[in-house]
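None of the figures in this text is laboratory data; all of them are computed from the coordinates on show. The structure displayed is predicted, hence computed values, not measured ones. FYI the Cβ positions are ideal-geometry reconstructions off the backbone, even for glycines, and counts take in every protein chain you see.
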Amino acid sequence: MRKTARYWGVSESDFEAFKKAHGGKCEICGITPQGRIHVDHNHTTGMIRGILCHACNYGIGCFKDNAARLVRAAQYLREREERPPLPNQRPRPHLKRRTKYKQWKTVPNKNYKEGDDRAISRREE
């Protein structure tokens, strides 16, 4: 924390008090960040806004810290939840929930000569 506090120009005790005041949790999703915490800041003024987890900090960065874009993205997601699927649309295979895992088996790779001990793994169908 010492390095983080020094980077942001605050004392270590002030930074710890700030972190404790926010419960040490991400101010957007509410989880306790595993590993490194991310200090969210205003890119124009350099002032600290809060503490975020990696995912929320990255998400805000992708939206270029633009609140209007975030609102439009949230509106987009809300509207699409209720939209009926396209005609004849099926769920993509990787989105289906499986009840039984397929077993992996080792099969010879056709690209190698016979006797070569290199093989690849494929799922049993």
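Okay, here's what the table says:
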quantity	calculated
Pairwise Cα inverse-distance average, inverted: Kirkwood Rh of the range 1-97 (Å)	16.2
Fully extended contour minus Cα-Cα distance, from K20 to T4, at 0.36 nm per residue	4.3 nm
Least to most buried among T44, T4, T32 (fewest other Cβ within 10 Å first)	T44, T32, T4
Sequence of V39, V71, V10 once ranked by neighbouring C-beta atoms within 10 Å, starting from the fewest	V71, V10, V39
Neighbour-count order for D65, D40, D14, fewest beta carbons within 10 angstrom listed first	D14, D65, D40
